[in-house]
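K.L.:
Take this structure, written in C-alpha coordinates, and hold onto it; I'll ask about it next.
The values are calculated or read from the model by the stated rules, or taken from the named source; none is laboratory data. From a predicted model like this one, the values you see are computed outputs, not experimental measurements. Positions of Cβ are backbone-derived with ideal geometry, glycine not excepted, and every protein chain shown enters the neighbour counts. Accessible surface areas use protein heavy atoms only, side chains included; no ligands, DNA or RNA. Shrake-Rupley method; radii C 1.70, N 1.55, O 1.52, S 1.80 Å.
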Amino acid sequence: MQKIEECISINHVSKSFGKQQVLEDINLKIFEGEIFGLLGPSGAGKTTLVKQLTGLDLPTSGEVYLFQKKMPTLKLINSIGYMAQSDALYEDLTAKENLQFFSELYGLKGKDQTRRITEVMDLVQLSDDLTKLVSNYSGGMKRRLSLAIAMLHEPKILILDEPTVGIDPVLRQSIWEAFDLLKQSGITIIVTTHVMDEAEKCDRLGMIRDGRLIAIGTTRELKEQTNSKTIEEAFLVYGGA
Amino acid sequence: MRVIALTKRILRQIVRDKRTMGLLIVAPIFVLTMLHFVFGNEEYTPEIGFVKVPEIIVQQMDVGDDAKITTYDNEKTAKEDLAARKIDGYLVFEGNNPAVVLEGSDPSVSGATMKWLQNALPSVSKNDNEQLMSIEYLHGSSEMGMFRLFRAGSCRIFRLFLRVFNCRSIVLTGTYNGHVRKIAR
Ligand SMILES: Nc1ncnc2c1ncn2[C@@H]1O[C@H](COP(=O)(O)OP(=O)(O)O)[C@@H](O)[C@H]1O
Ligand SMILES: [Mg+2]
(Lines give C-alpha, C1' and ligand atoms only; values in the text may rest on other atoms or scores of the structure.)
(Ligands and ions follow the chains in the order given, each with its own letter.)
Protein backbone atom coordinates (compact mmCIF):
# COMPACT_ATOMS: atom_id res chain seq x y z
CA MET A 1 0.00 0.00 0.00
CA GLN A 2 1.00 3.58 -0.60
CA LYS A 3 1.27 6.24 2.01
CA ILE A 4 -1.77 6.07 4.25
CA GLU A 5 -3.46 9.36 4.99
CA GLU A 6 -5.34 9.88 8.18
CA CYS A 7 -8.88 10.86 7.39
CA ILE A 8 -10.86 10.82 10.59
CA SER A 9 -9.52 11.12 14.07
CA ILE A 10 -11.62 10.71 17.17
CA ASN A 11 -9.95 11.86 20.38
CA HIS A 12 -11.31 11.01 23.81
CA VAL A 13 -14.91 11.34 22.76
CA SER A 14 -17.55 10.83 25.42
CA LYS A 15 -21.23 11.41 25.14
CA SER A 16 -23.94 11.41 27.79
CA PHE A 17 -27.67 11.83 27.55
CA GLY A 18 -28.60 13.08 30.97
CA LYS A 19 -27.20 10.59 33.44
CA GLN A 20 -26.75 7.84 30.86
CA GLN A 21 -23.25 7.67 29.44
CA VAL A 22 -23.59 6.36 25.90
CA LEU A 23 -19.99 6.79 24.70
CA GLU A 24 -17.01 6.46 26.95
CA ASP A 25 -13.59 7.83 25.97
CA ILE A 26 -13.50 6.66 22.37
CA ASN A 27 -10.16 6.96 20.55
CA LEU A 28 -10.07 5.97 16.91
CA LYS A 29 -8.32 6.78 13.66
CA ILE A 30 -9.80 6.01 10.28
CA PHE A 31 -7.64 6.16 7.14
CA GLU A 32 -8.39 7.33 3.65
CA GLY A 33 -9.74 4.71 1.29
CA GLU A 34 -10.61 2.03 3.79
CA ILE A 35 -13.86 0.40 4.72
CA PHE A 36 -14.15 0.72 8.45
CA GLY A 37 -16.79 -1.30 10.25
CA LEU A 38 -18.33 -0.49 13.60
CA LEU A 39 -19.63 -3.70 15.07
CA GLY A 40 -21.73 -3.94 18.15
CA PRO A 41 -25.06 -5.09 19.47
CA SER A 42 -28.12 -2.91 19.34
CA GLY A 43 -27.89 -0.06 21.83
CA ALA A 44 -24.09 -0.17 22.00
CA GLY A 45 -23.79 3.41 20.79
CA LYS A 46 -22.90 2.92 17.11
CA THR A 47 -25.42 5.45 15.85
CA THR A 48 -24.38 7.94 18.49
CA LEU A 49 -20.70 7.60 17.58
CA VAL A 50 -21.37 7.95 13.88
CA LYS A 51 -23.44 11.08 14.49
CA GLN A 52 -20.46 12.71 16.21
CA LEU A 53 -18.51 12.16 12.99
CA THR A 54 -21.08 13.83 10.79
CA GLY A 55 -21.30 16.87 13.01
CA LEU A 56 -25.01 16.31 13.47
CA ASP A 57 -24.37 15.83 17.16
CA LEU A 58 -21.72 17.20 19.51
CA PRO A 59 -19.75 15.08 21.97
CA THR A 60 -20.03 15.94 25.64
CA SER A 61 -16.25 15.92 25.75
CA GLY A 62 -13.46 15.15 23.32
CA GLU A 63 -12.89 16.16 19.71
CA VAL A 64 -13.51 14.85 16.23
CA TYR A 65 -11.23 15.85 13.32
CA LEU A 66 -12.06 15.30 9.67
CA PHE A 67 -9.21 15.99 7.26
CA GLN A 68 -7.42 17.71 10.13
CA LYS A 69 -10.35 20.10 10.59
CA LYS A 70 -12.25 20.15 13.85
CA MET A 71 -15.88 19.14 13.59
CA PRO A 72 -18.45 20.44 13.27
CA THR A 73 -17.70 22.68 10.32
CA LEU A 74 -19.87 23.73 7.41
CA LYS A 75 -16.90 23.52 5.02
CA LEU A 76 -16.88 19.76 5.18
CA ILE A 77 -20.59 19.20 4.72
CA ASN A 78 -20.16 18.40 1.04
CA SER A 79 -17.40 15.89 1.82
CA ILE A 80 -19.68 13.71 3.92
CA GLY A 81 -22.43 11.44 2.76
CA TYR A 82 -24.55 10.22 5.63
CA MET A 83 -27.18 7.56 5.53
CA ALA A 84 -29.16 7.52 8.75
CA GLN A 85 -30.42 4.37 10.38
CA SER A 86 -34.03 5.38 9.80
CA ASP A 87 -34.83 6.49 6.27
CA ALA A 88 -35.34 10.21 5.87
CA LEU A 89 -37.26 10.18 2.62
CA TYR A 90 -40.27 12.10 1.39
CA GLU A 91 -42.81 9.34 1.01
CA ASP A 92 -45.28 11.40 -0.96
CA LEU A 93 -42.74 12.11 -3.67
CA THR A 94 -41.29 9.76 -6.27
CA ALA A 95 -37.75 8.42 -5.94
CA LYS A 96 -36.67 10.74 -8.73
CA GLU A 97 -38.18 13.77 -7.05
CA ASN A 98 -36.42 12.85 -3.81
CA LEU A 99 -33.11 12.56 -5.65
CA GLN A 100 -33.71 15.85 -7.43
CA PHE A 101 -34.44 17.59 -4.17
CA PHE A 102 -31.31 16.32 -2.44
CA SER A 103 -29.07 16.95 -5.42
CA GLU A 104 -30.33 20.52 -5.61
CA LEU A 105 -29.47 20.94 -1.95
CA TYR A 106 -25.93 19.91 -2.86
CA GLY A 107 -25.94 22.30 -5.79
CA LEU A 108 -26.09 19.64 -8.50
CA LYS A 109 -27.92 20.93 -11.56
CA GLY A 110 -28.83 20.08 -15.12
CA LYS A 111 -26.83 17.37 -16.88
CA ASP A 112 -24.63 16.65 -13.86
CA GLN A 113 -27.72 16.01 -11.80
CA THR A 114 -29.27 13.67 -14.35
CA ARG A 115 -25.98 11.80 -14.75
CA ARG A 116 -25.48 11.32 -11.01
CA ILE A 117 -29.07 10.23 -10.49
CA THR A 118 -28.68 7.58 -13.18
CA GLU A 119 -25.34 6.44 -11.77
CA VAL A 120 -26.41 6.03 -8.16
CA MET A 121 -29.71 4.42 -9.06
CA ASP A 122 -27.89 1.92 -11.27
CA LEU A 123 -25.60 1.14 -8.39
CA VAL A 124 -28.44 0.26 -6.05
CA GLN A 125 -30.42 -1.35 -8.88
CA LEU A 126 -33.43 0.87 -8.62
CA SER A 127 -33.36 2.34 -12.15
CA ASP A 128 -36.68 0.73 -13.02
CA ASP A 129 -38.42 2.18 -9.99
CA LEU A 130 -37.31 5.75 -10.47
CA THR A 131 -40.78 7.16 -11.02
CA LYS A 132 -42.53 5.22 -8.26
CA LEU A 133 -43.79 6.96 -5.17
CA VAL A 134 -41.51 6.21 -2.23
CA SER A 135 -44.56 5.24 -0.18
CA ASN A 136 -44.94 2.30 -2.57
CA TYR A 137 -41.35 1.16 -1.98
CA SER A 138 -40.53 -1.87 0.12
CA GLY A 139 -38.30 -1.51 3.18
CA GLY A 140 -35.21 -2.71 1.33
CA MET A 141 -35.90 -0.40 -1.59
CA LYS A 142 -36.11 2.55 0.78
CA ARG A 143 -32.76 1.59 2.32
CA ARG A 144 -31.22 1.45 -1.14
CA LEU A 145 -32.70 4.80 -2.09
CA SER A 146 -31.27 6.31 1.10
CA LEU A 147 -27.92 4.85 0.12
CA ALA A 148 -28.23 6.34 -3.35
CA ILE A 149 -29.00 9.75 -1.84
CA ALA A 150 -25.99 9.54 0.48
CA MET A 151 -23.74 8.92 -2.54
CA LEU A 152 -25.32 11.56 -4.81
CA HIS A 153 -22.77 14.33 -4.36
CA GLU A 154 -19.72 12.02 -4.59
CA PRO A 155 -18.60 12.58 -0.99
CA LYS A 156 -15.08 11.62 0.08
CA ILE A 157 -16.40 10.03 3.23
CA LEU A 158 -19.46 7.83 3.24
CA ILE A 159 -20.99 7.16 6.64
CA LEU A 160 -23.60 4.44 6.55
CA ASP A 161 -25.66 3.46 9.58
CA GLU A 162 -26.79 -0.14 9.16
CA PRO A 163 -27.09 0.18 5.38
CA THR A 164 -28.06 -3.38 4.60
CA VAL A 165 -30.88 -3.94 7.07
CA GLY A 166 -33.85 -5.42 5.24
CA ILE A 167 -31.88 -6.09 2.07
CA ASP A 168 -31.74 -9.62 0.69
CA PRO A 169 -28.40 -11.48 0.53
CA VAL A 170 -28.01 -11.23 -3.25
CA LEU A 171 -28.48 -7.50 -3.27
CA ARG A 172 -26.36 -7.15 -0.16
CA GLN A 173 -23.58 -8.86 -2.05
CA SER A 174 -23.87 -6.43 -4.93
CA ILE A 175 -23.97 -3.46 -2.60
CA TRP A 176 -20.76 -4.63 -0.98
CA GLU A 177 -19.22 -4.94 -4.41
CA ALA A 178 -20.24 -1.35 -4.98
CA PHE A 179 -18.53 -0.41 -1.72
CA ASP A 180 -15.35 -2.04 -2.97
CA LEU A 181 -15.56 -0.02 -6.18
CA LEU A 182 -16.06 3.20 -4.23
CA LYS A 183 -13.15 2.31 -2.01
CA GLN A 184 -10.89 1.82 -5.02
CA SER A 185 -11.76 5.31 -6.18
CA GLY A 186 -10.39 6.57 -2.87
CA ILE A 187 -13.56 6.98 -0.89
CA THR A 188 -13.55 6.21 2.81
CA ILE A 189 -16.53 4.20 4.01
CA ILE A 190 -17.68 3.83 7.58
CA VAL A 191 -20.33 1.21 8.11
CA THR A 192 -22.11 0.27 11.30
CA THR A 193 -23.53 -3.19 11.56
CA HIS A 194 -24.61 -5.82 13.99
CA VAL A 195 -24.32 -8.59 11.41
CA MET A 196 -21.11 -10.52 11.90
CA ASP A 197 -20.62 -11.85 8.38
CA GLU A 198 -20.87 -8.32 7.07
CA ALA A 199 -18.17 -7.29 9.49
CA GLU A 200 -15.80 -9.78 7.81
CA LYS A 201 -15.89 -7.74 4.65
CA CYS A 202 -14.52 -4.61 6.29
CA ASP A 203 -10.85 -3.72 6.08
CA ARG A 204 -10.72 -2.77 9.71
CA LEU A 205 -13.17 -3.19 12.47
CA GLY A 206 -14.03 -1.44 15.69
CA MET A 207 -15.99 -3.42 18.23
CA ILE A 208 -18.30 -1.44 20.47
CA ARG A 209 -20.07 -2.60 23.55
CA ASP A 210 -21.89 -0.47 26.11
CA GLY A 211 -20.32 2.66 24.70
CA ARG A 212 -16.76 1.42 24.93
CA LEU A 213 -14.48 0.48 22.08
CA ILE A 214 -13.39 -3.02 23.10
CA ALA A 215 -11.19 -3.83 20.11
CA ILE A 216 -9.78 -2.30 16.93
CA GLY A 217 -7.97 -4.02 14.09
CA THR A 218 -8.22 -5.80 10.79
CA THR A 219 -10.56 -8.77 10.82
CA ARG A 220 -7.52 -11.05 10.57
CA GLU A 221 -5.76 -9.43 13.51
CA LEU A 222 -8.87 -9.63 15.66
CA LYS A 223 -9.36 -13.30 14.90
CA GLU A 224 -5.72 -14.16 15.40
CA GLN A 225 -5.47 -12.31 18.70
CA THR A 226 -8.39 -14.24 20.12
CA ASN A 227 -7.63 -17.56 18.48
CA SER A 228 -11.07 -17.67 16.96
CA LYS A 229 -12.29 -18.71 13.55
CA THR A 230 -15.01 -16.14 13.15
CA ILE A 231 -15.57 -12.51 14.05
CA GLU A 232 -18.49 -13.62 16.14
CA GLU A 233 -16.25 -15.69 18.36
CA ALA A 234 -13.72 -12.88 18.54
CA PHE A 235 -16.43 -10.47 19.60
CA LEU A 236 -17.56 -12.80 22.36
CA VAL A 237 -14.00 -13.16 23.62
CA TYR A 238 -13.45 -9.40 23.73
CA GLY A 239 -16.85 -8.83 25.27
CA GLY A 240 -16.51 -11.52 27.91
CA ALA A 241 -13.02 -10.57 28.97
CA MET B 1 -30.56 27.82 -4.44
CA ARG B 2 -31.63 25.80 -1.44
CA VAL B 3 -34.70 27.93 -1.03
CA ILE B 4 -35.75 27.12 -4.60
CA ALA B 5 -35.17 23.41 -4.05
CA LEU B 6 -37.15 23.55 -0.84
CA THR B 7 -40.02 25.46 -2.41
CA LYS B 8 -40.19 23.04 -5.31
CA ARG B 9 -40.27 20.07 -2.97
CA ILE B 10 -42.99 21.55 -0.77
CA LEU B 11 -45.14 22.47 -3.76
CA ARG B 12 -44.80 18.96 -5.13
CA GLN B 13 -45.79 17.51 -1.79
CA ILE B 14 -48.82 19.78 -1.56
CA VAL B 15 -49.94 18.73 -5.03
CA ARG B 16 -49.60 15.07 -4.04
CA ASP B 17 -51.31 15.44 -0.71
CA LYS B 18 -55.01 15.13 -1.33
CA ARG B 19 -56.03 16.36 2.06
CA THR B 20 -54.07 19.61 1.74
CA MET B 21 -55.37 20.08 -1.79
CA GLY B 22 -58.86 19.58 -0.47
CA LEU B 23 -58.40 22.16 2.22
CA LEU B 24 -56.74 24.58 -0.15
CA ILE B 25 -59.17 24.42 -3.06
CA VAL B 26 -62.31 22.43 -2.39
CA ALA B 27 -63.02 23.87 1.06
CA PRO B 28 -63.05 27.54 -0.05
CA ILE B 29 -65.28 26.65 -3.00
CA PHE B 30 -67.61 24.84 -0.67
CA VAL B 31 -67.67 27.71 1.82
CA LEU B 32 -68.20 30.29 -0.92
CA THR B 33 -71.05 28.26 -2.36
CA MET B 34 -72.66 28.09 1.03
CA LEU B 35 -72.17 31.83 1.48
CA HIS B 36 -73.75 32.37 -1.90
CA PHE B 37 -76.82 30.47 -0.84
CA VAL B 38 -77.00 32.45 2.36
CA PHE B 39 -76.34 35.94 1.08
CA GLY B 40 -76.85 35.75 -2.63
CA ASN B 41 -80.54 36.60 -2.78
CA GLU B 42 -80.13 39.51 -5.16
CA GLU B 43 -81.91 37.85 -8.06
CA TYR B 44 -85.18 37.39 -6.29
CA THR B 45 -88.05 39.14 -8.09
CA PRO B 46 -90.45 40.48 -5.51
CA GLU B 47 -94.16 40.45 -6.16
CA ILE B 48 -95.57 43.78 -5.08
CA GLY B 49 -99.07 45.07 -4.83
CA PHE B 50 -99.99 48.72 -5.49
CA VAL B 51 -102.94 50.05 -3.52
CA LYS B 52 -104.23 53.46 -4.42
CA VAL B 53 -100.87 54.58 -5.68
CA PRO B 54 -101.38 57.93 -7.39
CA GLU B 55 -101.07 57.83 -11.16
CA ILE B 56 -98.33 60.50 -11.20
CA ILE B 57 -96.13 58.47 -8.94
CA VAL B 58 -96.61 55.29 -10.94
CA GLN B 59 -95.60 57.17 -14.04
CA GLN B 60 -92.53 58.51 -12.33
CA MET B 61 -91.59 55.13 -11.06
CA ASP B 62 -88.97 53.07 -12.74
CA VAL B 63 -90.87 49.81 -12.67
CA GLY B 64 -88.74 47.68 -14.95
CA ASP B 65 -88.62 43.87 -14.90
CA ASP B 66 -87.25 43.52 -11.41
CA ALA B 67 -90.62 43.24 -9.74
CA LYS B 68 -94.05 41.87 -10.54
CA ILE B 69 -96.69 44.50 -9.95
CA THR B 70 -100.32 43.82 -9.15
CA THR B 71 -102.70 46.72 -8.78
CA TYR B 72 -105.45 46.63 -6.15
CA ASP B 73 -108.46 48.87 -5.68
CA ASN B 74 -108.63 48.55 -1.95
CA GLU B 75 -106.31 47.53 0.82
CA LYS B 76 -108.52 44.66 1.97
CA THR B 77 -107.97 42.46 -1.09
CA ALA B 78 -104.29 43.30 -1.04
CA LYS B 79 -104.08 42.17 2.55
CA GLU B 80 -105.87 38.95 1.70
CA ASP B 81 -103.45 38.26 -1.12
CA LEU B 82 -100.57 39.05 1.17
CA ALA B 83 -101.87 36.61 3.74
CA ALA B 84 -102.24 34.00 0.99
CA ARG B 85 -98.68 34.84 -0.10
CA LYS B 86 -99.66 35.76 -3.58
CA ILE B 87 -97.65 38.94 -3.10
CA ASP B 88 -94.63 39.69 -0.92
CA GLY B 89 -95.78 43.14 0.11
CA TYR B 90 -97.79 46.11 -0.99
CA LEU B 91 -97.40 49.81 -1.23
CA VAL B 92 -100.27 51.92 -0.06
CA PHE B 93 -100.70 55.67 -0.12
CA GLU B 94 -102.56 57.33 2.70
CA GLY B 95 -102.77 60.87 1.42
CA ASN B 96 -99.22 61.83 0.51
CA ASN B 97 -97.42 59.39 2.75
CA PRO B 98 -96.44 56.04 1.36
CA ALA B 99 -96.70 53.02 3.60
CA VAL B 100 -95.37 49.55 2.99
CA VAL B 101 -96.87 46.36 4.31
CA LEU B 102 -94.69 43.33 4.05
CA GLU B 103 -95.49 39.71 4.52
CA GLY B 104 -92.41 39.60 6.70
CA SER B 105 -91.76 35.94 7.44
CA ASP B 106 -88.73 35.70 5.16
CA PRO B 107 -86.30 38.53 5.73
CA SER B 108 -84.55 38.00 2.41
CA VAL B 109 -87.87 38.46 0.57
CA SER B 110 -88.71 41.49 2.67
CA GLY B 111 -85.27 42.87 1.94
CA ALA B 112 -85.62 42.39 -1.80
CA THR B 113 -89.04 44.05 -1.73
CA MET B 114 -87.77 47.00 0.25
CA LYS B 115 -84.76 47.38 -1.97
CA TRP B 116 -86.89 47.49 -5.05
CA LEU B 117 -89.28 50.00 -3.52
CA GLN B 118 -86.47 52.30 -2.50
CA ASN B 119 -85.04 52.27 -5.97
CA ALA B 120 -88.40 52.68 -7.60
CA LEU B 121 -89.66 55.50 -5.40
CA PRO B 122 -87.34 58.40 -6.11
CA SER B 123 -89.38 60.83 -4.10
CA VAL B 124 -89.00 58.74 -1.02
CA SER B 125 -85.41 57.68 -1.22
CA LYS B 126 -83.65 60.58 -2.88
CA ASN B 127 -85.44 63.88 -2.85
CA ASP B 128 -86.83 63.90 0.59
CA ASN B 129 -84.54 62.23 3.00
CA GLU B 130 -86.47 63.36 5.99
CA GLN B 131 -89.66 61.77 4.86
CA LEU B 132 -90.50 58.66 6.75
CA MET B 133 -91.91 55.61 5.13
CA SER B 134 -93.83 53.45 7.50
CA ILE B 135 -93.31 49.74 7.25
CA GLU B 136 -95.60 47.15 8.66
CA TYR B 137 -95.30 43.44 8.78
CA LEU B 138 -98.06 40.96 8.52
CA HIS B 139 -96.05 38.31 10.36
CA GLY B 140 -93.39 40.55 11.69
CA SER B 141 -91.42 39.38 14.66
CA SER B 142 -90.76 41.65 17.57
CA GLU B 143 -87.15 42.06 16.50
CA MET B 144 -88.26 43.30 13.15
CA GLY B 145 -90.72 45.59 14.82
CA MET B 146 -87.86 47.76 15.91
CA PHE B 147 -87.52 48.77 12.32
CA ARG B 148 -91.10 49.82 11.80
CA LEU B 149 -90.06 53.34 11.11
CA PHE B 150 -87.70 53.01 8.30
CA ARG B 151 -85.67 56.01 7.38
CA ALA B 152 -85.32 55.96 3.66
CA GLY B 153 -81.76 56.14 2.45
CA SER B 154 -80.24 54.67 5.59
CA CYS B 155 -81.11 51.07 5.05
CA ARG B 156 -77.66 49.56 5.57
CA ILE B 157 -78.21 48.39 9.09
CA PHE B 158 -81.60 47.09 8.14
CA ARG B 159 -80.08 45.02 5.37
CA LEU B 160 -77.32 43.76 7.61
CA PHE B 161 -79.94 42.77 10.09
CA LEU B 162 -81.87 40.97 7.41
CA ARG B 163 -78.80 39.05 6.43
CA VAL B 164 -77.94 37.99 9.92
CA PHE B 165 -81.51 36.98 10.42
CA ASN B 166 -81.60 35.09 7.17
CA CYS B 167 -78.55 33.19 8.29
CA ARG B 168 -80.37 32.07 11.33
CA SER B 169 -83.32 30.82 9.35
CA ILE B 170 -80.94 28.81 7.19
CA VAL B 171 -79.36 27.30 10.24
CA LEU B 172 -82.77 26.26 11.41
CA THR B 173 -83.96 24.89 8.13
CA GLY B 174 -80.77 24.00 6.36
CA THR B 175 -81.49 20.30 6.19
CA TYR B 176 -84.37 20.75 3.81
CA ASN B 177 -82.46 20.73 0.56
CA GLY B 178 -81.79 24.42 0.57
CA HIS B 179 -85.40 25.47 -0.16
CA VAL B 180 -84.96 28.01 2.49
CA ARG B 181 -87.57 30.45 1.41
CA LYS B 182 -90.40 28.01 1.51
CA ILE B 183 -89.42 26.31 4.69
CA ALA B 184 -88.66 29.46 6.57
CA ARG B 185 -92.30 30.38 6.52
N1 LIG C 1 -31.08 11.47 21.78
C2 LIG C 1 -30.97 10.55 22.75
N3 LIG C 1 -31.45 10.79 24.00
C4 LIG C 1 -31.34 9.87 24.98
N5 LIG C 1 -30.77 8.68 24.82
C6 LIG C 1 -30.29 8.37 23.60
C7 LIG C 1 -30.36 9.28 22.51
N8 LIG C 1 -29.80 8.71 21.42
C9 LIG C 1 -29.38 7.51 21.82
N10 LIG C 1 -29.67 7.28 23.12
C11 LIG C 1 -29.33 6.08 23.88
O12 LIG C 1 -28.01 5.75 23.60
C13 LIG C 1 -27.85 4.34 23.56
C14 LIG C 1 -27.15 3.96 22.30
O15 LIG C 1 -27.97 4.24 21.20
P16 LIG C 1 -27.52 4.05 19.71
O17 LIG C 1 -26.26 4.81 19.49
O18 LIG C 1 -28.65 4.38 18.84
O19 LIG C 1 -27.22 2.49 19.63
P20 LIG C 1 -26.96 1.58 18.35
O21 LIG C 1 -27.00 2.44 17.14
O22 LIG C 1 -25.62 0.97 18.59
O23 LIG C 1 -28.02 0.54 18.34
C24 LIG C 1 -29.23 3.75 23.72
O25 LIG C 1 -29.38 3.28 25.04
C26 LIG C 1 -30.14 4.89 23.45
O27 LIG C 1 -31.29 4.77 24.20
MG1 LIG D 1 -28.16 2.45 15.61
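K.L.:
Taking all protein chains as present, what is the carbon and sulfur share of the accessible area of the stretch B:47-137, in % to the nearest whole number, probe 1.4 Å?
P.N.:
44
K.L.:
So which aspartates and glutamates pass the test for A:Lys229, namely a Cα distance under 18 Å, with those fewer than 8 places away in the same chain ruled out?
P.N.:
Correct list for A:Lys229: A:Asp197, A:Glu198, A:Glu200, A:Asp203, A:Glu221.
K.L.:
Oh, and also: Could you work out how much longer the chain between A:Glu232 and A:Leu58 gets when fully extended? Use 0.36 nm per residue separation minus the Cα distance between them, nm to one decimal. Intermediate results must be reported in sequence, preceding the final value.
P.N.:
Working: separation 174, 0.36 × 174 = 62.64 nm, distance 3.12 nm.
Length gained, A:Glu232 through A:Leu58: 59.5 nm.
K.L.:
Grab the Cα-Cα distance for A:Thr218 and A:Ser86, subtract it from 0.36 nm times how many residues apart they are, and report the gain in nm with one decimal.
P.N.:
44.7 nm
K.L.:
Taking R0 as 45 Å, what FRET efficiency do you get between B:Ser134 and A:Ser135 from their Cβ-Cβ distance, rounded to the nearest 0.05?
P.N.:
0.05
K.L.:
Remind me, relative contact order of the stretch A:1-116 in percent, using alpha carbon pairs under 8 angstrom and six or more residues apart?
P.N.:
Reported as a whole number, the value is 23 percent.
K.L.:
In the structure displayed, which of A:Lys111/A:Lys132; A:Lys70/A:Lys142; A:Lys19/A:Lys201 lie more than 24 Å apart, Cα to Cα?
P.N.:
A:Lys70/A:Lys142; A:Lys19/A:Lys201
K.L.:
Going down the list A:Lys96/B:Lys18; A:Lys29/A:Lys69; A:Lys15/A:Lys46; A:Lys96/A:Lys183; B:Lys68/B:Lys115, which pairs span over 18 Å between their C-alpha atoms?
P.N.:
Over 18 Å Cα-Cα: A:Lys96/B:Lys18; A:Lys96/A:Lys183.
K.L.:
Suppose we compare each residue of the stretch B:1-37 in its chain alone and in the full protein complex with a 1.4 Å probe; which ones drop by at least 40 Å² of accessible area?
P.N.:
B:Met1, B:Arg2, B:Ala5, B:Arg9, B:Arg12, B:Gln13, B:Arg16
K.L.:
At 0.36 nm per residue, and after removing the present C-alpha to C-alpha distance, how many nm does the segment from A:Gln225 to A:Lys70 gain when stretched out fully?
P.N.:
The span from A:Gln225 to A:Lys70 would gain 52.4 nm if fully extended.
K.L.:
Okay, helix-only estimate at 222 nm for chain A: each DSSP H run of n ≥ 4 adds -39500 (n - 2.57), divide by all residues, round to 500 deg cm²/dmol; what do you get?
P.N.:
So the helix-based figure for chain A works out to -10500 deg cm²/dmol.
K.L.:
Between the DSSP loop rule and a limit of at most 15 other Cβ atoms within 10 Å, which GluC sites (Glu not before Pro) in the stretch A:1-43 are left? Spell out each step's value before the answer.
P.N.:
Numbers: sites: A:Glu5, A:Glu6, A:Glu24, A:Glu32, A:Glu34; in loops: A:Glu5, A:Glu32, A:Glu34.
Those satisfying the criteria are A:Glu5.
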